[in-house]
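Inspection log for the structure reproduced underneath, given as structure tokens.
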Amino acid sequence: MKKSLIALAALAAVGAASAQSSVTLYGIADISAGVVEVDGVSRETGFNKANLQQSRVGIKGSEDLGNGLKAVFNYEHGFNSANGEFAGGEARRAVVGLQGGFGSVLLGRDKLPLYRLTEDTSADSISDFSTTNLVGVKRTNGIHYAGNFAGVGVSAAVGYDRHDDITTGANDTQSTTYGLGLSYSTGPFMIGIAGEQLKEESGSPMVTDKKHTNYGIGGTYDFTAAKLYANYLVSDKDQAGSDDKEANIGVKVPFGAASFVAEAGWNDGEGYDGYDYNVGANYAFSKRTDAYVRAARIDNKDYDTREEKTTKYAVGLRHKF
């Protein structure tokens, strides 16, 4: 994994020299010390137990193709800020595509519209402390489109993967993902809706193993003295024949270099309901470096998970570069 970081740095240096600073190396280093306690199950104390953002390093760039058209790319990997170990598996983002007056069309791995909407309408932006649980599919490998036209945002994604067992066909697998989002923003106000469907099949002939339909609505309003966030999310698990629902509301209040954040969430699903809370503060030493404290009581009723309430406390430091 160390080789991955060295390669990213080398590419950034070469790209910046050959493409007039069209290539940028960037990242976030976020580390915290805290406590995570699952009622009646476990208690963990130490570093990197809960963060505002996953630490990451990435490289992005563009090339002007003329007539307002650009070629763009972005590759980003997460890592553990407590020990420097890169996160295993797939990248957080791995895309290449074209960008112009029509918006952007990207090929590769990227976030889905519902996940982006949920990030934008959650006061703590789906941090480890956020009251938002039903975050949807998050990312898919496929085709991604995004465009903004006079305040109207349109986004869509299609993901597809298939494996065929040529010998017997018994292990054939296929997954398809569709996502669509629509938003409107003007001045201090923004509202959006988004939905997605994930379908996984296997066997020969194909039999549906899992089908999730997720959708939500959310918005924000900036009063200058405070910014309000709210969303309502639904996860419809066709195979289980039940729905999970949640509503979240939050606020951010700036006080000079400091800021205050608070969230409350309500969850309702088959056989359970619960409430979540999150409160904390940040202090900005600069535009790129801040310290934070958080305390949260989170209900982990996400999809098929049925854990007890989780309590989290943390003090952390975050640097963006």
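The values are calculated or read from the model by the stated rules, or taken from the named source; none is laboratory data. Since the structure is predicted, the reported quantities are computational estimates derived from the model, not experimental observations. Methodologically, a virtual Cβ is constructed for each residue, glycine included, from the backbone with ideal geometry; neighbour enumeration extends over all protein chains shown. To get the accessible areas, we keep the full protein, side chains included, count just its heavy atoms, and leave off ligands, DNA and RNA. Shrake-Rupley method; radii C 1.70, N 1.55, O 1.52, S 1.80 Å.
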Practice item. Work out, step by step, the length gained on full extension between F255 and T24: first 0.36 nm times the residue separation, then minus their alpha carbon distance; give nm to one decimal. Key: 80.0 nm
Review point. Can you give the extra length, in nm with one decimal, that the chain gains between D64 and A295 once fully stretched, where that is 0.36 nm per residue apart less the Cα-Cα distance?
Key: 78.6 nm
Practice item. Give the peptides 246-254, 287-295 in descending order of average Cβ contacts within 10 Å, highest first. Key: 246-254, 287-295
Exercise for review: Determine, from the Cβ-Cβ distance of Y221 and N83 and an R0 of 35 Å, the FRET efficiency 1/(1 + (r/R0)^6), rounded to the nearest 0.05.
Suggested key: 0.30
Check your understanding: Counting each DSSP H run of 4 or more residues in the chain as -39500 (n - 2.57), what helix-only mean residue ellipticity at 222 nm follows after dividing by all residues, to the nearest 500 deg cm²/dmol?
Key -> -2500 deg cm²/dmol
Revision key, fill the gap. Around K320 (Cβ within 12 Å, Cβ-to-Cβ, excluding K320; K/R +1, D/E -1) the net charge comes to +2
Check your understanding: Label V154 and F47 with points 7 Å out from Cα along Cα→Cβ: what is the distance between them in nm?
Key -> 4.9 nm
Point to revise | Spacing of the two label points (7 Å from each Cα toward its C-beta) at D161 and S185, in nm | key: 3.1 nm
Review point. Got a sec to turn the phi values of region 141-155 into Karplus ³J(HN,Hα) couplings, 6.51 cos²θ - 1.76 cosθ + 1.60 with θ = phi - 60°, whole Hz, x for Gly and Pro?
Key: 8, x, 10, 10, 10, 8, x, 9, 10, 6, x, 9, x, 10, 9
Revision key, fill the gap. In the chain, taking the dipole from +1 charges on Lys and Arg beta carbons and -1 charges on Asp and Glu beta carbons about the Cα centre, the listed residue (V137, A284, Y215) farthest towards the positive end is A284
Review point. Can you give the accessible area per residue of the chain, in Å², using a 1.4 Å probe?
Key: 51 Å²
